[in-house]
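Only one structure is covered here, and it is reproduced in the block below.
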Amino acid sequence: MSDLEEFRAEVRTWLEDNCPEEMRQPLASDAEHVWGGRKWEFSSDAQRVWFDRMVGKGWTAPAWPKEYGGGGMSADEHDVFKSEMNRINARSPVSNFGFWMLGPALLKFGSEEQKREHLPEIARGEIRWCQGYSEPNAGSDLASLKTSAEIDGDNFVVNGRKIWTSYADRADKMFCLVRTDPDAKKQAGISFILLDMDTPGVSTRPIQLISGESPFCETFFDDVRVPRANLVGEMNQGWTIAKYLLTHERDNIGGEPPGLLKGRDLAQMALEAVGADDQGRLDDPMLRADIARLEIDAMAFRALVEQTRAKAEAGEGVGARSAMLKYYGTELNKRRYNLMMDAMGGLGLEWESEQTGGGRYAREWLRSKGNSIEGGTSEIMLGIISSAVLELPKG
Amino acid sequence: MILNEEQQMLADLSERLFADKASVDTLRAIRGGRHDADYDTALWQAMVESGLTGILVPEAHGGMDFGLVSAGLVARETGRRLALTPFLSTAVLGAIAIGRAGHAEQQKQWLGPIAEGSLIVALAIDETGKHRPERVATQANAEGDAVTISGEKTLVVDGPNAGLFVVSAMHDGKPALFAVEAADSGVTVNAVTSIDTRSMANVRFDNAKAQRLDANDNAFDDVLNAGRAMLAMELVGLSRAVFERTLTYLTERKQFGLRIGAFQALQHRAAHLSVEIEISEAMAFQALAAFDAGAADATQQILAAKARAADTARLAAAEGVQMHGGMGMTDEFDIGFFMKRARAASELLGDANFCTERFAQAKGY
């Protein structure tokens, strides 16, 4: 048996022994997602047990080095681990922006001190992070952001306003892009800093979305004092980190859909909801055709994702592929939710009902519309492809 | 999937060979009746010399015995260079049909000549304008060991030059494959001038002497799968080529004092198309690899690959004509050839609608 197969066997046994049955069921609603953090309260014993055991193994951040609280897995081991988690439909024990975004950024750009301070507490699920990027007047044109950080002794003094900060009202800390040189060319005057949401002068206001939910906030900074030691990377070099993280974020957004379509077969859902004709075909030929086209495109998209991963692992440059994947993956996801709504009919119209888990069809469909906006709109992605891949002339 | 070293070498070899030997001038000459045949004989000879005609033929019969991924690398070049050769009909469909459905004696008789490029094989299965492989009126009649077949076939690619036809006919209530020699007195070949100058014919069989190709029950499916997979690669190749030409035009043509590629209305469409092409190519390669690996879902993957490659190629050709403006409408520019070939390659062995429908069926909904 190869080392990798041995590893797989170990992981499988451990997961079988330690993952509670309840944690192998799909999330009944977003409320069951474990975000962690100072204010976090578990909603069941199974959640807590699963969380504690995974934290104990360092498997909440499987690929981070052990010295920073991670699982120390190689890329191959991480793949094996993910496939074993998927095999039993194990839920994520805890996740938030600290795992997805800040962790990778600190591993690449953070000082040793910053890694030791922040990574272990993220891995232990103790701190919930949020991301402060967009501003009311800096959306697609993110680099025009104006929230300022002026140096005053050992501190930055931050003033301004962020928008679309995910769960800022429930997060403990924020990683944030601020303008530290108002005179430089716009990308050149930005820095990447970390701040505690409990700092005096920070306030948040949730934004209600068309889905009725409020995953995003506005965040206001009024003379907020942040230690200069909280600067990640060099002064005025924050755009490099921001770009790295945007690419990373795009890879995540372009991936498999979360929520109620995760691991479920759309055609099967449609068959159940719409019914079949006497030959067993979905009894709505136009919807059937649309679903088949979607499934073909989804299969083909996965082929490109696989190919991109294989090329990256073989050391080939994959360039602006992440813009391609983000663009196509999110458009695909919107199509998927549209077809789900077409299939569900009246169930998709229910906003508050037990049988729909509180209107999940409707709400997730509406939420999916944001996929092609957040992390860079589809139009921004097409612009990146035009210039970076196709090298078309500038206007 | 990504190419291994051997496949990468073959990709490079094919690219060089086609860049060197295939040209749109030959296509124009064939179309104008100014060539010695209705296919590119010099290119075919070069392919024979490089062993590409035997790419799917077992080594015992003089071939290279590579898989569909390798054959697909050649098919991609045929689409890219608008090459007119019997590669699909003979080196792929013929080699798979005889190689998988033929008995030892038949293999011995025909596989060598296929690898040597001396025998052209044509697949004669469709009887209506739309590809419906199960809808067969052609009948096989057995008297003792002797079999004859009677019926009419259409869309027979490379029919005018074929020495051997692989024909579907009803036998024991279901379609089966037979081999019929073109020299038989019961065979009448009527050449058809096709939209993309691809060699094509309608063929009538009147009590033509036939041999059963029944060494393997799945061979008919294998033939269809291999053919669709190759057409998907051909479509990917032509998508890339027409897109490259369009990109060049976008960076050269000036209007309103700007290179037209600077206009966002065109940039976003070009970017979208580039994504479609990348995805269709990744799908096609993955499907070919699935066939080579004997994967359970290879048929589904190939249907997906063909459907997608067809849609992508037609988008690429349509955008190519539109973005070339009036020049795209002229016969002098080559863009129109890509549109014509995309139309033909999409239609053959099942268009996007057909493949999508069969995909849904295979998935059980």
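The values are calculated or read from the model by the stated rules, or taken from the named source; none is laboratory data. Only a predicted model underlies this, so the values are computations on that prediction, with no experimental measurement involved. Positions of Cβ are backbone-derived with ideal geometry, glycine not excepted, and every protein chain shown enters the neighbour counts.
Among the hydrophobic types (A, V, I, L, M, F, W, C) and in contact with a strand residue (DSSP E or B) (Cβ under 8 Å, 6 or more places away or on another chain): is that true of B:Leu348 in this structure? Spelling it out, B:Leu348 is indeed among the hydrophobic types (A, V, I, L, M, F, W, C) and in contact with a strand residue (DSSP E or B) (Cβ under 8 Å, 6 or more places away or on another chain). Of the strands (runs of 3 or more DSSP E) that lie entirely inside segment B:108-194, those containing 2 or more residues that are more than 19 Å from the chain's Cα centre (by Cα) and either outside the structural domain of B:Ala344 (by TED's automatic domain parsing) or of a type in the set (Phe, Trp, Tyr) (or both) span B:139-143, B:146-157, B:164-171, B:174-181, B:187-192. Test A:Glu364 against the criterion of being surrounded by fewer than 19 Cβ atoms within 10 Å (Cβ to Cβ) and either in a loop (DSSP other than H, G, I, E, B) or in contact with a Phe, Trp or Tyr (Cβ under 9 Å, 6 or more places away or on another chain) (or both), and give yes or no. Against the criterion (surrounded by fewer than 19 Cβ atoms within 10 Å (Cβ to Cβ) and either in a loop (DSSP other than H, G, I, E, B) or in contact with a Phe, Trp or Tyr (Cβ under 9 Å, 6 or more places away or on another chain) (or both)), A:Glu364 does not qualify.
In summary, A:Gly395 fulfils each of the numbered conditions (1) closer than 25 Å to A:Arg288 by Cβ; (2) of a type outside the set (Val, Ile, Thr); (3) within 14 Å of chain B (Cβ to nearest Cβ); (4) surrounded by fewer than 20 Cβ atoms within 10 Å (Cβ to Cβ) with the single exception of condition (1).
Residues that are within 13 Å of another protein chain (Cβ to nearest Cβ) and basic (Lys, Arg) within segment B:295-325 comprise B:Lys306, B:Arg308, listed in sequence order. Is one or more of the residues making up segment A:214-229 part of a loop (DSSP other than H, G, I, E, B), buried (at least 23 other Cβ atoms within 10 Å of the Cβ) and touching a strand residue (DSSP E or B) at 6+ places or on another chain (Cβ under 8 Å)? Among the residues of segment A:214-229, not one is part of a loop (DSSP other than H, G, I, E, B), buried (at least 23 other Cβ atoms within 10 Å of the Cβ) and touching a strand residue (DSSP E or B) at 6+ places or on another chain (Cβ under 8 Å), which makes the answer no. Considering segment B:263-294, and only residues there that are among the polar types (S, T, N, Q) and free of Cβ contacts under 8 Å to residues at least 40 places away in the same chain, the residue that is nearest to the other protein chains (Cβ to nearest Cβ) turns out to be B:Gln267. Among the residues of this structure, A:Arg205 does not count as one that is among the basic types (Lys, Arg) and not in a strand (DSSP E or B). The number of residues in segment A:20-53 being assigned to a loop (DSSP other than H, G, I, E, B) and of a type outside the set (D, E, K, R) comes to 15. Restricting the first member to segment A:277-288 and to residues that are in contact (Cβ under 8 Å) with a residue 12 or more places away in the chain and in a loop (DSSP other than H, G, I, E, B), and the second to residues that are surrounded by 12 or more Cβ atoms within 10 Å (Cβ to Cβ) and of a type in the set (Val, Ile, Thr), the beta-carbon pairs closer than 8 Å and six or more apart or on different chains are A:Asp284/A:Val274. Considering segment A:381-392, the residues that are among the hydrophobic types (A, V, I, L, M, F, W, C), in a helix (DSSP H, G or I) and within 7 Å of chain B (Cβ to nearest Cβ) include one that is farthest from A:Ser140 (Cα to Cα), namely A:Val389. Screening A:Ala310 with (1) surrounded by 15 or more Cβ atoms within 10 Å (Cβ to Cβ); (2) at the interface with chain B (Cβ under 7 Å from one of its Cβ atoms) gives one miss only, at (1).
Scanning segment B:1-36 for residues that are among the aliphatic types (A, V, I, L, M) and over 21 Å from B:Thr197 (Cβ atoms) yields B:Met1, B:Ile2, B:Leu3, B:Met9, B:Leu10, B:Ala11, B:Leu13. The set of residues in segment A:313-333 that are part of a helix (DSSP H, G or I) and either more than 7 Å from chain B (Cβ to nearest Cβ) or surrounded by fewer than 22 Cβ atoms within 10 Å (Cβ to Cβ) (or both) comprises A:Glu313, A:Arg321, A:Ser322, A:Ala323, A:Leu325, A:Lys326, A:Gly329, A:Thr330, A:Glu331, A:Leu332, A:Asn333. All conditions but one from (1) over 24 Å from A:Ala323 (Cβ atoms); (2) crowded, with 23+ Cβ neighbours inside 10 Å; (3) not polar (S, T, N, Q) apply to B:Ala298; the one that does not is (2). Residues that are more than 20 Å from B:His103 (Cα to Cα) and β-branched (Val, Ile, Thr) within segment B:201-255 comprise B:Val203, B:Val236, B:Val242, B:Thr246, B:Thr248, B:Thr251, listed in sequence order.
On the basis of being among the basic types (Lys, Arg) and under 24 Å from the mean Cα position of the chain (by Cα), does A:Arg8 make the cut? I'd like the intermediate steps shown before the answer.
On the way: among the basic types (Lys, Arg): yes; under 24 Å from the mean Cα position of the chain (by Cα): no.
Criteria not met by A:Arg8.
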